[in-house]
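Structure, as structure tokens:
Every read-out reported here was derived from the displayed coordinates using simple, explicitly stated rules and does not represent laboratory data. Computed from a predicted model, the values in this text were never measured in an experiment. No Cβ is skipped: glycine too gets one built from the backbone with ideal geometry, and neighbour counts run over all protein chains shown.
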């Protein structure tokens, strides 16, 4: 080789090419914002038919998860995500897509070892670290409660 | 008998020819700029099968069957078959070829497998070990995606350096014959690790290996870049090709006009969303069998280097933080036997 | 007009959460899974220190739909459960709070796996 690993890293970095951020970021903003507006619409709808805030929020989550699951099933979520980037990743619809897509993909390996076992292969860490963070907060909050 | 030159380069006796060849590809590859030159274009990725793995096996089977019939051979004429693919334990090949009842040697060279299998088949043919030997490889976007990355319907974001695994297969049947294309010399690749750790940037992980093997081949055979009509690399994609050009430029050699990359040829880089280009065993295999070999046969190309490149990693080991070693095997093809 | 501004706030705040995620993807090469984890943990922390709720009051779904809202929900759930059940609440609060979304994802995931066929992504239009 006519080049050291360090130099090669520089060369590789130079040619790696970055995302067109002037396109990806506005797209993520628009599509993510739009998904939140859909959420806002359902939030209002559920409040309008007589639910309190908390229930409306839960129903909104369920609705968005359902929509995302259907879009995933039809193979459409992935197409939107190609443009949406983080705009389709960060909302709860992205979480749903991360659960539903392996469930569908791995059903060829059976409903137990495929769908069942692989369902949380992407979204699992979200649950694990979300619950872990909440647990740590729970301990702190509980100890604080002892002294107040 | 083949003659060992030095440092991994072997010179064949002369007269080892790719008797027949065939490329079978998926729909997207068929829609690409090379669409016209493939022998079989699938209507969809399923090929009528229930799983992506079976679809890939079927594609490989098609490539083999078509190569056989194009060469007016029957399967009993094939003494050995060298095959490999990207799936765990090379199951794409094992299941695709299991009904054939032909002595089978499974190979793994990641995306360099076409050159690896062609090299082995040529060496066997040159040593008169069997009359005809076949070299087959395949890759399938969906089976690779679910094994290496994400489920097909997952909207994960691909980085711009990521490459698109080709749904394609290629088969070469090698024997001693009078007609071109002839396999002249072979340089077996070394494992070259440039310290790249990003599994979404295979092009830069493999460019070093391509540079190493091509320069070694030129040095060992006393040839210069300009002695060739074209140098084809396997699937460096845009990123890897740029790096390769720069590596040669450091030696004051300009290969930009002679170098072509199969990963950049297979797709329309503007219209088809494949990021940095195509990849997978089938990428270089289908370009070799659909585009390069026919042009040597017709005399349009005279001397060509085919350097398929592979990244010898697994998802497990990359997650463990290891860097990605690359490999590239070089095959010198010519329309003249000596 | 109020309702219009409400949607604008949801759009802008939700959009900003996503834009930040995109910046992280483009600049740091964090994989999607890592970004999701970061968002949930960040939401939990912000919820715990009480900074997230004002944002929810301001932007509505713009703050609850991104995964940070999921994290905030976990923090709130923990607080509520510890207030009610004391020590046991540390163990029950998190899953109780996120039960609706996670159960929906599991059930709809199963249903989709049962009735849908995998799609062919190589057919690009």
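Calculate the FRET efficiency for residue B:75 and residue A:9 from the Cβ-Cβ distance with a Förster distance of 56 Å, rounded to the nearest 0.05.
The value I calculate is 0.70.
Residues of A:61-72, mean number of Cβ from any other protein chain within 10 Å of their own Cβ, rounded to a whole number?
Rounded to a whole number, the mean comes out at 6.
List B:77, B:261 from most exposed to least, where exposure is judged by having the fewest other Cβ atoms within 10 Å.
B:77, B:261
Which whole number gives the average count of other chain Cβ atoms within 10 Å of the Cβ atoms across peptide C:78-84?
Mean inter-chain Cβ contacts per residue within 10 Å come to 5.
Could you work out which residue, out of C:43, C:69, C:21, moves most in a Gaussian network model of chain C, that is, has the largest mean-square fluctuation with Cα springs under 10 Å?
C:21
What's the angle, to the nearest 10 degrees (0 to 90), between helix A:5-15's Cα axis and the longest principal axis of chain A?
Helix A:5-15 and the main axis of chain A meet at about 70 degrees.
Taking the highest mean first, how do the peptides A:124-137, A:29-42 order by number of other beta carbon atoms within 10 angstrom per residue?
Averaged packing, sorted descending, gives the order A:29-42, A:124-137.
Calculated from DSSP H runs of 4 or more alone, at -39500 (n - 2.57) each and per residue, what is the 222 nm mean residue ellipticity of chain A, nearest 500?
-24500 deg cm²/dmol
Could you work out the percent of alpha carbon pairs in chain B separated by over 29 Å, rounded to a whole number?
Value for chain B: 29 percent of Cα pairs lie more than 29 Å apart.
Can you work out the PRE-style zone for residue C:5? Point 7 Å along Cα to Cβ, and I want the residues of segment C:29-68 with backbone N under 16 Å.
C:57-60
When the convex hull of the Cα atoms of chain C is projected onto a plane and the area is averaged over all directions, what value comes out in nm²?
Over every viewing direction, the Cα hull of chain C projects on average to 11.5 nm².
Roughly how tilted is helix A:124-147, in degrees to the nearest 10 and between 0 and 90, from the longest Cα axis of chain A?
Once rounded, the angle reads 50 degrees.
Sorted by average packing, counted as other Cβ atoms within 10 angstrom per residue and highest first, what order do B:93-105, A:83-95 take?
With the highest mean Cβ count within 10 Å placed first, the list reads A:83-95, B:93-105.
Provide a whole-number value for the mean count of partner chain Cβ atoms within 10 Å of the Cβ atoms in peptide B:233-244.
For this peptide, the per-residue mean of nearby foreign Cβ atoms is 2.
What value, in deg cm²/dmol to 500, does the helix sum -39500 (n - 2.57) over DSSP H runs of n ≥ 4 give at 222 nm once divided by the residues of chain C?
-28000 deg cm²/dmol
In units of 2.2 N^0.38 Å, what is the alpha-carbon radius of gyration of segment A:10-101?
1.34
Mind giving me the FRET efficiency for residue B:251 and residue A:41? R0 is 60 Å, r the Cβ-Cβ distance, nearest 0.05 is fine.
0.45
What order do you get for C:22-33, A:107-118, C:101-112 when each peptide is scored by the mean count of other beta carbon atoms within 10 Å, highest first?
In decreasing order of mean packing, C:22-33, A:107-118, C:101-112 become C:101-112, C:22-33, A:107-118.
Compute and list, largest first, the equivalent-ellipsoid semi-axes of segment B:13-176 from the alpha carbon gyration tensor, each √(5λ) rounded to a whole angstrom.
Ellipsoid semi-axes (Å, largest first): 28, 16, 15.
Using the alpha-carbon atoms, what tilt in degrees (0 to 90, nearest 10) does helix A:21-48 show relative to the longest principal axis of chain A?
Roughly 10 degrees, rounded to the nearest 10.
At a 10 Å Cβ-Cβ cut-off, how would you order B:268, B:85, fewest neighbours first?
B:268, B:85
Reported to two decimal places, what Rg/Rh ratio describes the protein assembly as shown when computed on Cα atoms with Rh from the Kirkwood expression?
Radius of gyration relative to Kirkwood radius: 1.06.
For the pair residue C:88 and residue A:83, how long in nm is the line joining their label points, each one 7 Å along Cα→Cβ?
So the two model labels end up 5.1 nm from each other.
Quick check on chain B: helices-only [θ] at 222 nm, where DSSP H runs of length 4 and up contribute -39,500 (n - 2.57) each and the sum goes over total residues. Nearest 500, please.
Using -39500 (n - 2.57) per qualifying helix, the result is -9000 deg cm²/dmol.
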